[in-house]
Amino acid sequence: MTRRIAVLPGDGVGPEVTAEAVQILEAVPGLSLEYEEMSVGAGEYLQSGSPLPDATFERLKEFEAVLLGAMGLPGVRWPSGIEMTPQIDLRERLDLYCGLRPIRLYHESHSPLKGVRAGSIDLMLVRENTEGLFVSRLEPLERRAEFAEDRMRISRKGAERVCRSAFEQARQRRGRVALVDKANVLPSMAYFRMVFDEVSAGYPEVETERIYVDAMALYLVQCPQRFDVLVTENMFGDILSDLAAGLVGGMGMAPSADIGVRYGVFQPSHGSAPDIAGRGLANPVATILSAAMMLDWLGGETEKEGAARIRRGVERVLSEEGTGTRDLGGRMSTKELGRAIREAVQ
């Protein structure tokens, strides 16, 4: 069965890391994937006046999954001053409510923490993607106003479904979920906790704990090994996923999946990094692991075995001392690291 994949290379280093991921997918024995590349992002805005043209958005709905590189450029902004983020538009318009951010340490030298072993940091951050503090992001800004404000929106539907996703992840992993909130101060977070408690009643076999977001920032630095699955609001998830990535080598090691009932978008958590674009310095691992997440989501036996093969290939290559791109302390280029993983996959 041939799977149809939309590829959105995007801006900056996006085309470089996406190319490596596609080549590795093509190296997986037995896979049958058909790709179509589309232009979305700041570069597309400069050409057509829209970072996500309506025709392109409608076309994306025809594909089984979307593999995305990176989008946005610091100098290309809306009149309000905020950057263009079509990747967030995709989450909201396709209702990709479940953001999965796996964090895994492949080599002890990648972590700034002392005494950690490869594999000892292995957690899944589940981020609510469609509401929270992002809900008012597109509201117009009155530049002459005396103040500006944003709203935090937590709906029962939104909280229930993302909490349920977290418990399902825990069932497949080590059976533990930590809710990350600020329920001691914010009523919206107290509401989130109430819904979490209700959902947890349906998963008696899963161990739970509830941790304030400031304390979680501390614990991730002090003892990240104790955590399995974390579930949290949109903005908290945005911040903590970057912090957690810093524990395992940085944003080049941070894959992600944005998943809804029907659609899935898979992309590295990092940005477009225009300062290193075209120089062969970008780490492609986050995009490669995002492609593995895409195969898992597609769900067939061949796809799942392909996903496992890619993860084993990444682990095999990065287990060697000094292997990797500059951000990992290595000297390999984007293409060299991609080639090494591709050979391990084959």
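In this structure, is Ala6 farther than 30 Å from Gly246 by Cα, of a type in the set (A, V, I, L, M, F, W, C) and either without any contact (Cβ under 8 Å) to a residue 12 or more places away in the chain or in a strand (DSSP E or B) (or both)?
no
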>> Of everything in segment 60-113, what is in a helix (DSSP H, G or I) and either free of Cβ contacts under 8 Å to residues at least 24 places away in the same chain or of a type in the set (D, E, K, R) (or both)? Give them in sequence order.
In response: Asp89, Arg91, Glu92, Arg93, Glu108
>> On the basis of being under 15 Å from Ile103 (Cα atoms) and among the hydroxyl-bearing types (Ser, Thr, Tyr), does Thr208 make the cut?
In response: no
>> So, Val185, is that one of a type in the set (A, V, I, L, M, F, W, C) and surrounded by 14 or more Cβ atoms within 10 Å (Cβ to Cβ) or not?
In response: no
> With Leu52, Leu68 as the choices, which residue is assigned by TED's automatic domain parsing to the domain that holds Ala257, touching a strand residue (DSSP E or B) at 6+ places or on another chain (Cβ under 6 Å) and among the aliphatic types (A, V, I, L, M)?
Replying inline: Leu68
> So which residues in segment 155-176 are touching a strand residue (DSSP E or B) at 6+ places or on another chain (Cβ under 7 Å) and not in a helix (DSSP H, G or I)?
Replying inline: Arg173, Gly175, Arg176
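Let's see how each residue does on (1) modelled with pLDDT under 95; (2) small (Gly, Ala, Ser):
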| residue | (1), (2) |
| --- | --- |
| Glu305 | no, no |
| Ala308 | no, yes |
| Arg312 | no, no |
| Glu315 | no, no |
| Ser319 | yes, yes |
| Thr323 | yes, no |
| Lys335 | no, no |
| Gly338 | no, yes |
| Arg342 | no, no |
> In segment 283-295, is there at least one residue being without any contact (Cβ under 8 Å) to a residue 40 or more places away in the chain and in a helix (DSSP H, G or I)?
Replying inline: yes
>> Every residue in segment 177-215 that is more than 23 Å from Asp95 (Cβ to Cβ), part of a strand (DSSP E or B) and either in contact with a Cys (Cβ under 6 Å, 6 or more places away or on another chain) or not hydroxyl-bearing (Ser, Thr, Tyr) (or both), please.
In response: Ala178, Glu207, Glu209, Arg210, Ile211
> Do we have Asp238 as under 19 Å from Gly72 (Cα atoms), of a type outside the set (A, V, I, L, M) and assigned by TED's automatic domain parsing to the domain that holds Ala291 here?
Replying inline: no
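Every residue, every condition in (1) of a type in the set (Gly, Ala, Ser); (2) buried (at least 22 other Cβ atoms within 10 Å of the Cβ), yes or no:
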| residue | (1), (2) |
| --- | --- |
| Glu92 | no, no |
| Ile103 | no, yes |
| Pro112 | no, no |
| Gly115 | yes, no |
| Leu125 | no, yes |
| Thr130 | no, yes |
| Ser136 | yes, no |
| Pro140 | no, no |
| Arg144 | no, no |
> Exactly one of (1) surrounded by 12 or more Cβ atoms within 10 Å (Cβ to Cβ); (2) modelled with pLDDT of 95 or more; (3) more than 16 Å from the chain's Cα centre (by Cα) is unmet by Val76. Its number?
Replying inline: (2)
>> For segment 48-63, check the following and say yes or no: at least one residue is modelled with pLDDT of 95 or more and closer than 21 Å to Ala307 by Cα.
In response: yes
>> Against the condition at pLDDT 95 or above, aromatic (Phe, Trp, Tyr) and not assigned by TED's automatic domain parsing to the domain that holds Gly322, how does Phe134 come out, does it pass?
In response: no
>> I want to confirm something. Restricting to segment 305-346 and keeping residues that are hydrophobic (A, V, I, L, M, F, W, C) and over 19 Å from Leu25 (Cβ atoms), which single residue is surrounded by the most Cβ atoms within 10 Å (Cβ to Cβ)?
In response: Leu328
>> For segment 253-276, check the following and say yes or no: at least one residue is touching a residue at least 40 places away in the same chain (Cβ under 8 Å), in a helix (DSSP H, G or I) and closer than 21 Å to Glu160 by Cα.
In response: no
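The values are calculated or read from the model by the stated rules, or taken from the named source; none is laboratory data. What you are looking at is a predicted structure, and each value in this text was computed from that prediction instead of being measured. Ideal geometry is used to build each Cβ from the backbone, glycine not excepted, and the neighbour counts take in all protein chains shown.
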